[in-house]
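Here's the structure we're looking at; comments come further down.
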Amino acid sequence: MKTSQLIDALAADPKPQGPSLSARFCVALGAGALVSACLFLAIAGPRSDIAAAAHTLRFDLKFVDTLALALPSALLALRLLRPDARPGALALVLSAPFLLLGAAVVMELTLVPADLWGAKLIGSNAMHCLTIIPLLSIAPLAALLFAMRDGAPQHPGVAGALAGAAAAGIAATLYASNCPDDSPLFVASWYPLATLIVVAVGAVAGGRLLRW
Amino acid sequence: MSAAVGDGQSDEKWAGMMRAAIAGDEAVYRRLLEEIGRSVRAMARGAFARARSGDADVEDVVQETLLAIHLKRNSWDRSLRLGPWVGAIARHKVIDAMRRRGARRFQPIEDFETILAAPEAEDPHARSDAERLIGQLAPRQRDIVRSISLDGQSIASTAARLAMSEGAVRVALHRSLKLLAAAWRSASP
């Protein structure tokens, strides 16, 4: 086929319709989060002492951490849908949850006696953390990947991994309100591990679904 | 006039044409795709020459790029220049084509904006894989794409010949173009 003939077919194809890529991305993010929130309320729900816990720094810090992961990951995933995108300063913001967590761990190590470190780290619910966070990530990750198929990322695997990180951030935000372990030693050990599972799934799925 | 794509004037023109095209101006869209095609052809030829891999794939890259530009229009920010966006898509498609050819190492395509400044006309003998890939579509879709591209028929006359509504032909055409892009992606040389 000659290129002029292909252009005939492209020109005859109707103009793009519907909402913009970023609008679709935001709807997918919201819808995925909503489905996960319903699922979370159905299977776990917030812990019973949440009103008292909300006044403790360690509990609140979990949400700062998880949101610091979810928001920059989502923004970066959206930006990388443009083929000529440069990550820019947003990539640096992605280090925020790790820096926060690192500082919290140092603080915890100075405040808590060394013979309690092991117990704090292992906590009471590590397996819950490793199963519930990936489970609650499924809906946001699927919704995001679906919306992102309209984009043209230079590196589909990276874009998928970031969608995974955003989904894990949402899931971890929900789960943090149920998780009885607030010590940064626990959070720094198990939350990143659960996130890594979702990021890996996102990278593999993105590498397949977001190719163009 | 030898303005590069990165050059404000020529690039602003492309962005304006794309905005008009998205608003539904078919004639401007056709002219824009022709101009982009000529620029991408020059860039792809240069890239393949530097990689010493022959220019058998040049027209494939041009057509894959135009198809991607068409299907991914949504990913262009209308307030930005069009040239860098086109260049990024073309570069992606050149690298894809070289990968399919089994090239292990690529010359980085740094200077696409200057290469794009010397547009090249289509070689009348050049053929792409598109025709073979269209052959893999379902019969009805194949018929519609051939009618509108190879035979140069309009949507209206294609619809009349196939006893379909124009809307149905448009939907089938759009779907076929998406399938064509997917087939190209997974095509081996």
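Just so you know, all these numbers are worked out from the coordinates, no wet-lab data involved. All values derive from a computational prediction rather than experimental measurement. As a convention, Cβ positions derive from the backbone with ideal geometry for all residues, glycine included, and neighbour counts pool all protein chains shown.
So for the protein assembly as shown, if I pair up every lysine 8 or more residues apart or on another chain, how many of those pairs have alpha-carbons under 24 Å apart?
14
With 10 angstrom as the radius, rank B:S154, B:S176 by how many other C-beta atoms surround their C-beta, starting from the fewest. Can you show the working numbers first?
Details: B:S154 14, B:S176 24.
Ascending Cβ contact count within 10 Å gives the list B:S154, B:S176.
Per DSSP H run of at least 4 residues, take -39500 (n - 2.57); add these up for the protein assembly as shown, divide by its residues and hand me the 222 nm value, nearest 500 deg cm²/dmol. Working shown, then result.
Details: 19 runs with 279 residues, N = 401.
Theoretical 222 nm ellipticity from helices: -22500 deg cm²/dmol.
With θ taken as phi - 60° and the coefficients 6.51, -1.76 and 1.60, list the Karplus ³J(HN,Hα) couplings across segment A:118-132 in order, rounded to whole Hz; mark glycine and proline as x.
So the Karplus estimates, Gly and Pro as x, are x, 5, 5, 5, 6, x, 10, 9, 4, 5, 4, 4, 6, 9, 6 Hz.
Output ³J(HN,Hα) for segment A:139-153: one whole-Hz value per residue in order, computed from phi by the Karplus curve 6.51 cos²θ - 1.76 cosθ + 1.60 with θ = phi - 60°, and x for Gly and Pro.
5, x, 5, 5, 5, 5, 4, 4, 5, 6, 5, 7, x, 9, x
Arrange B:I148, B:I155, A:I122 by Cβ neighbour counts within 10 Å, fewest through most, would you?
Numbers: B:I148 24, B:I155 19, A:I122 14.
Lowest to highest Cβ neighbour count: A:I122, B:I155, B:I148.
Could you line up A:C179, A:C26, A:C38 from fewest to most neighbouring Cβ atoms inside 10 Å?
Placing the least packed residue first, the sequence is A:C38, A:C26, A:C179.
Figure the gain on full extension for A:I50 and A:T131 (residue separation times 0.36 nm, minus the Cα-Cα span) and round it to one decimal in nm.
Values: separation 81, 0.36 × 81 = 29.16 nm, distance 2.13 nm.
Result for the pair: 27.0 nm of gain on full extension.
What angle, in degrees between 0 and 90 and rounded to the nearest 10, separates the Cα long axis of helix A:184-209 from the longest principal axis of the Cα atoms of chain A?
For A:184-209 against chain A, the angle is about 20 degrees.
Can you work out ³J(HN,Hα) from phi for every residue in segment B:75-88, in order, using Karplus 6.51 cos²θ - 1.76 cosθ + 1.60 and θ = phi - 60°, giving whole Hz and x for Gly and Pro?
Going residue by residue, I get 8, 8, 7, 4, 8, 9, 6, 8, x, x, 5, 4, x, 5 Hz, with x marking Gly and Pro.
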